[in-house]
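In what follows, a structure is listed as structure tokens, so that the remarks can point back to it.
Rule-based calculations on the coordinates, nothing more; no lab input. Predicted model, so just to flag it, every value in this text is computed and none were measured. Glycine also receives a Cβ, built like all others from the backbone with ideal geometry; neighbour counts cover every protein chain displayed.
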Amino acid sequence: MTIGTLAATLLPQQILLEGIAVTIPNPFDYERGISYMRHKYQQLYGEDLRQGLSQKLGCNPTGIHFLNDAAAFLIGELDQGAAVGVRRGVGITLGTGVGSAFTVAGQIAVHGLGIPPGGEIWNLPYRDGIVETFLSTATIQREYARLTGMPAEVHEIASFAREQPQAHQTFKHFGQELGRVLRYTCEAFAPECIVLGGGISRAATEFLNHTKNELVDLAIQLRVSILFDHAALIGAGMSWRQKHTQWEGSRNYTPNNFAEQA
């Protein structure tokens, strides 16, 4: 309903919609357009989104292209952002969850040396839980509430960090944990750089140095997104165009082309 209303608002009536690219996190069947997420978007579980979107938007279902949101983010950063020129890299999106994507020689890679299954790190076992338990919006909020007894949004905590010791400590703890997780999940892949995106990355000035300190012995550059929200939009458009048109000179970013170890 929301997507249909948005499309009707943005698109002139005389324009025939040729297709749409949808970025969405795992677990998701990107070929069939069916969500298997239970931790969020629960109302979409098992739904055929390709047919649903086709009906709402009035376009051919074959023109609807689904891809992982973190992969779309990294594609955008590779083309126009912080990962331009990177041959071997990782994109990490930090927000309500943790997204990840790996690239080798300009292609999104979902298996190969040092790449976790499907290129996903969020559900890897870590300490007494999984990675996402320790790197999310809720993580920062829990730590801040533990130190202060007060609830707050992440952007509010970031605004307090320069003057309030508890807020500073919250982001220091987050940055250290992020560094440990990146070592655990990415060291074997040996990336040239890791690009951080997502809402939490906007507060990178408060935690990035602590993250770098955890990785100081590794030859990995940590970079913050240049494009932020635009990265996934650019990546989605590029991926759709590559899949549905003959785009001369384009790089192959479709999620079904798996790059092996370079």
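In segment 191-246, a dipole from Cβ-located charges (positive for Lys and Arg, negative for Asp and Glu) runs towards its positive end, and of Leu215, Ser201, Ile234 it is Ile234 whose Cα lies farthest in that direction. Summarising the label geometry, the points placed 7 Å from Cα in the beta-carbon direction at Gln169 and Ile3 lie 4.5 nm from one another.
Put simply, the chain fits an ellipsoid with semi-axes of 32, 23, 17 Å; these come from the alpha carbon gyration tensor as the roots of five times its eigenvalues, largest first. At full extension, His244 and Thr96 could sit 50.2 nm farther apart than now, given 0.36 nm per residue minus the alpha carbon distance. Considering only alpha-carbon pairs that sit under 8 angstrom and 6 or more positions apart, the relative contact order computed for segment 82-226 is 29 percent. Here's how it looks for Phe28: its modeled amide H is under 5 Å from those of Tyr36, which are all 5 or more places away or on a different chain. For segment 1-103, GluC sites (Glu not before Pro) meeting the loop criterion (DSSP other than H, G, I, E, B) and having at most 15 other Cβ atoms within 10 Å: Glu18, Glu31, Glu47. With a simple spin-label model that places each label point 7 Å from the Cα along the Cα-to-Cβ direction, the separation between Gln80 and Asp217 comes to 4.1 nm.
Distant-in-sequence amide contacts of Ala161, defined by a placed amide H-H separation under 5 Å and a gap of 5 or more residues or a different chain, comprise nothing.
In the chain, which helices (entire DSSP H runs) extend 27 Å or more along their own long axis, judged by Cα positions, while averaging at least -1.0 on the Kyte-Doolittle scale?
165-186
By the count of neighbouring beta-carbon atoms within 10 Å, fewest first, Arg87, Arg183 end up ordered Arg87, Arg183. Exposure proxy ranking for Thr137, Thr245, based on other Cβ atoms within 10 angstrom of each Cβ and starting from the fewest, stands as Thr245, Thr137.
For segment 82-226, what class follows from the C-alpha gyration tensor (a ≥ b ≥ c being the square roots of its eigenvalues): rounded when a/c is under 1.5, otherwise prolate if a/b is larger than b/c, else oblate? Verdict is prolate for segment 82-226. Given +1 at the Cβ of Lys and Arg, -1 at the Cβ of Asp and Glu and no other charges, the dipole of segment 82-226 around its Cα centre is 200 debye to the nearest 20.
Loop-resident chymotrypsin sites (Phe, Trp or Tyr not before Pro) (DSSP state other than H, G, I, E or B) in segment 1-54 with no more than 12 further Cβ atoms inside 10 Å of their Cβ: Tyr36.
Less than 5 angstrom separates the built amide H of Ala109 from those of Phe102, Thr103, Val104, Ala259, all sequence-distant by 5 or more or on a different chain. Our estimate of slack between Tyr45 and Thr137, defined as 0.36 nm per intervening residue step minus the Cα-Cα distance, is 30.8 nm.
Using a simple spin-label model with pseudo-atoms 7 Å out from Cα toward Cβ, Leu233 and His111 lie 3.6 nm apart. Cα centroids of segment 182-246 and segment 25-41: 22 Å apart.
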